[in-house]
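This report refers to the structure that appears directly beneath it.
The values are calculated or read from the model by the stated rules, or taken from the named source; none is laboratory data. Because the structure is predicted, anything quoted here is derived from the model rather than measured. Every residue, glycine among them, receives a Cβ derived from its backbone with ideal geometry; neighbour counts consider all protein chains shown. Surface accessibility is based on the protein's heavy atoms, side chains included, excluding ligands, DNA and RNA. Shrake-Rupley method; radii C 1.70, N 1.55, O 1.52, S 1.80 Å.
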Amino acid sequence: VATVTELYQFLRLLYAKLGAQHDPDTGEPAVRQSSADIVKRIRRQLRSSKRLDLLAPLVRGRKGFHTEVARWAGKKGFKLLRVDGKWIEPANFQPLDRYKEHQIELLVTQLAPGRKDLPALVSQALSLGKGTLYALDPKGKSTIHSHHLFCPGSGRSFDELDPRLFSFNSPHGWCPECQGYGTVFTKPPEVDSEDEAEKEQQLELARESLEDGELLPCPSCRGARINPVARAVRFGGRTVPEINALSVHDFQRFFSKLRFTGREAAIVRDIQPEIEQRLTFLKEVGLEYLNLDRSAPTLSGGESQRIRLASQLGSNLQGVLYVLDEPTIGLHPRDNQKLLGILRNLRDRGNSLIVVEHDEDTMRAADHIIDLGPGAGIHGGEIVAQGTWKQIGTSKHSATARLLGEPIRHPARGNRRPIDVTVSWIKIKGARARNIHGIDVSLPLHRLIALSGVSGSGKSTLVREVLLPAASPDRRKHDPRWESVHGTDTIDRVVEVDQSPIGKTSRSTVATYLGVMDDLRALFANLPAAKQAGFTASHFSHNAGSGRCAACDGAGTVRIQMSFLPPADVRCEECNGLRWKPEILAMRYREISIQEVLALSAEQAAEFFAPHPRIATPCRLMTETGLGYLQLGQTSPTLSGGEAQRLKLVTELAAAQIAADHAHLKGRARRPAHHLFLLEEPTVGLHLADVRRLLDLLHRLVDSGHTVVIIEHHLDVLAEADYLIDIGPDSGEDGGTIMSEGTPEHVASSKTSRTAPFLRSHLHRSQSRA
């Protein structure tokens with residue numbers, strides 16, 4: 001977060017100009033030393049090492065050929081240079097790589113004990129090295145001696161502070177063990193190159209493809225990314241890792257309390273407004289709860305987008321076209337209004353904005369709306385209406401206009417499931433995690449439960465770090481995250497249905513995830529022609545078996561390694577991307593091959609395979625939940641987060657229904673399974689029509705005997721819950737408290753809840769307009 005918003009660049013300047021160096025081992029503050037002090041220290045070193053090389057640093061971390069340095073050293077009669085750690089005579093010096101940073105030291109002299117001219121030689125080395133010299137002993141250990149910084153207790157000297165020292169993207173600053181990543185491999189990956197640049201690229205690509213469990217926090221820097229010397233510098237009494245661990249809100253509070261006078265005030269004069277402006281913009285887009293050291297890949301799409309938006313606010317550009325994809329994702333209705341104000345601000349400066357959105361307030365604020373449809377996937381792709389909000393509202397072809405004119409009347413089913421004495425509860429006493437400090441939480445079982453609250457108030461923390469482990473069957477008896485847990489005995493399984501990808505390779509498809517691929521393979525293997533040819537179910541798998549294309553191993557694509565570029569996937573020339581051998585594709589069920597089956601949409605497959613419930617049921621449920629346009633063979637990595645999340649729900653519901661149908665056919669009475677489903681913002685990317693389908697799916701899960709807990713900002717979902725828990729009042733350390741809980745109507749009446757006024761208005765509007 002700090003680097004994306006450029007806050008970290010200004011922090012590095014502050015630490016370089018106003019930071020106080022401390023010894024990394026003793027914590028002792030560094031002081032400046034005189035030439036006489038340096039001479040005394042070198043004499044002490046000579047007594048123990050017997051010989052020292054005095055080096056003057058000429059080039060420190062500068063890019064270039066640096067041939068002029070060697071020419072100068074040769075003319076002055078110096079015999080040796082140490083170039084990037086290697087000894088070279090000036091006459092034999094070759095131009096260096098101009099795009100790499102280099103280190104060049106000049107050998108001033110070799111010292112032995114008893115030298116009478118030691119003060120003069122030290123003075124010469126300090127002059128050539130601009131106040132710094134290095135003393136190199138016979139074992140190769142280098143000690144810094146400088147006019148700049150020195151710790152009397154440890155005897156350690158330090159270079160003058162430089163902004164590069166605090167950069168984890170530079171060898172000057174990064175932790176040498178993890179090279180600035182903050183993590184290390186549990187098992188180092190294999191690299192097949194001796195070229196250093198190519199080797200680094202292969203390691204970086206390997207790191208990007210690893211799972212979380214294959215990387216560990218760096219044992220040296222513990223995730224701080226910078227080296228020990230940089231970690232020991234203090235500004236305002238805090239180190240860089242301590243500052244980075246603060247949230248935007250807490251850092252703003254810390255920075256506002258600092259007072260600068262004299263020289264400090266002159267240095268800070270231009271830096272302070274830049275920092276304050278960026279902090280203000282982050283607050284305006286509702287991200288004050290994020291920590292400065294939060295890694296960019298861990299942010300949600302909405303958070304990433306709003307961070308980039310915040311950085312644009314300080315640019316004062318005009319004539320720019322901004323394209324935003326659902327910027328309201330993850331925003332509480334309160335913060336929506338702030339975001340709309342920012343978008344208007346950008347527009348009024350002379351910029352244009354194209355915003356892809358489903359949010360009603362954003363549509364109302366737009367100057368012009370283009371409505372696409374009429375359906376999704378193959379049923380969409382047309383402009384069904386365009387114009388102002390009022391013009392769109394009169395269109396007879398726009399599903400958006402129709403649904404906004406016919407809001408859901410809550411509760412949509414006529415009444416809510418009762419919260420009475422018959423209800424069993426999960427009761428967690430003394431919940432503790434992050435900004436949640438010892439609260440008691442109660443959730444009714446076999447109900448639809450929603451958690452609301454401003455961004456960063458503690459909703460995700462409560463669900464992921466407390467409820468998820470507390471309700472798991474393998475829960476530890478004693479855990480610091482709670483005092484006691486009751487009521488989870490009837491839960492058979494906890495299912496976290498997030499928006500993470502359901503597969504990372506092209507081998508994973510909708511059909512394989514749904515579990516229908518095995519049934520499709522068995523269906524084709526039982527064809528008379530297949531039996532006659534000796535084909536089994538394994539022949540119809542594109543992941544294994546002898547039926548898949550041998551050239552691409554059934555992937556349909558071949559990966560080509562590109563030097564200095566990411567690998568490229570190209571269509572297989574042997575099978576033309578069809579995955580199977582020709583003799584397998586010749587087997588046809590009702591005139592279509594296994595490849596053509598995978599080209600069917602779920603909607604088409606539900607009808608085509610109606611006589612086969614194990615295939616048709618999941619496909620029908622996909623259609624009912626708005627995913628009927630997805631093809632069975634569509635690869636998992638191409639699905640959006642919202643599509644992946646709904647597909648997971650469909651898979652769970654289909655498995656439950658198939659199991660129930662099987663038990664019914666066998667005449668067995670069985671206790672229905674009780675699963676606890678945990679969802680975070682399932683409405684992301686959903687049109688109002690899909691939100692209605694999603695709510696129907698969630699109700700069906702509850703009707704099947706399950707408990708569903710949702711973290712949401714969408715008012716239609718909050719208004720449809722059986723039980724609502726509102727957390728707040730604000731974000732970060734100002735959150736983590738239950739402000740109100742009960743039915744949506746009860747929470748809407750709260751005088752302290754940040755959600756209540758918006759929910760109250762929404763309930764009233766849906767009742768009056770329905």
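Quick notes on this structure:
- Computed over every Cα-Cα pair of the stretch 540-628 and binned at 10 Å starting from 0, the pair-distance distribution P(r) comes out as 17, 33, 30, 16, 4, 0 percent.
- Evaluated at q = 0.15, 0.16, 0.18 Å⁻¹: base-10 log I(q)/I(0), Debye formula over Cα of the stretch 18-129: -0.81, -0.88, -1.01
- As a ratio to 2.2 N^0.38 Å, the alpha-carbon radius of gyration computed for the stretch 135-270 takes the value 1.33.
- Protein accessible area in the chain, 1.4 Å probe - carbon and sulfur %: 51
- Dimensionless Rg/Rh of the stretch 608-653 - Kirkwood Rh, Rg from C-alpha atoms: 0.96
- Taking GluC sites (Glu not before Pro) as exposed when DSSP calls them loop and at most 14 other C-beta atoms lie within 10 angstrom, the chain has its longest site-free stretch at 212-482.
- Maximal additional length on extending the I378-D325 stretch stands at 17.0 nm, based on 0.36 nm per residue less the C-alpha distance.
- Helix 301-313 axis, angle to the chain major axis (alpha carbon atoms, nearest 10°): 50
- Multiplying the residue separation of T26 and N351 by 0.36 nm and removing their Cα-Cα distance gives an extension gain of 111.6 nm.
- Per-q log10 I(q)/I(0), the stretch 619-770, q = 0.14 Å⁻¹ (Debye; single scatterer per alpha-carbon; no solvent): -0.81
- Set K17/K130; K40/K130; K338/K648; K76/K130 screened for pairs whose C-alpha atoms are more than 23 Å apart: K338/K648
- Hits among lysines - C-alpha to C-alpha of K427 under 18 Å, sequence gap 8 or more where chains match: K459, K477
- Exposed-loop-free span, longest in the chain, where chymotrypsin sites (Phe, Trp or Tyr not before Pro) count as exposed if DSSP calls them loop and at most 16 other C-beta atoms lie within 10 Å: 261-563
- Residue order for R164, R476 - accessible surface, 1.4 angstrom probe, largest first: R476, R164
- Computed over the alpha-carbon atoms, the stretch 674-758 gives an Rg to Rh ratio of 0.98, Rh here being the Kirkwood radius from the mean inverse distance.
- With R₀ set to 22 Å, the beta-carbon distance separating E160 from A265 gives a calculated FRET efficiency near 0.55.
- Computed over protein heavy atoms with a 1.4 Å probe, the accessible surface of the chain works out to 49 Å² per residue.
- Size descriptors for the stretch 445-570, from the alpha-carbon set: Rg then Dmax equal 23.3, 66 Å.
- Ignoring aspartates and glutamates fewer than eight residues from K283 along the same chain, the ones with Cα atoms less than 18 angstrom from its Cα are E6, D250, E274, D293, E303, D335, D730, E733, D734.
- Each Cα pair of the stretch 514-587 feeds into the Kirkwood radius, which the Stokes-Einstein equation turns, at 25 °C and 0.890 mPa s, into a diffusion coefficient of 186 µm²/s.
- With the convex hull drawn around the C-alpha atoms of the chain, the volume per residue stands at 226 Å³.
- In the chain, helices alone account for a calculated mean residue ellipticity at 222 nm of -10000 deg cm²/dmol, with every DSSP H run of four or more residues adding -39,500 (n - 2.57).
- The rule of thumb for compact globular proteins, 2.2 N^0.38 Å, goes into the C-alpha radius of gyration of the stretch 1-45 1.77 times.
- Sum of side-chain charges, A112 neighbourhood, beta-carbon under 12 Å (Lys, Arg +1; Asp, Glu -1): +4
- Binning all Cα-Cα separations of the stretch 326-388 at 10 Å, short to long from zero, yields these whole-percent fractions: 19, 46, 28, 7.
- Candidate aspartates and glutamates - alpha carbon under 17 Å from K199, same-chain residues fewer than 8 apart omitted: E177, E190, E208
- Net +/- balance of residues flanking A91 in space, Cβ distance below 14 Å, scoring K and R +1, D and E -1: +3
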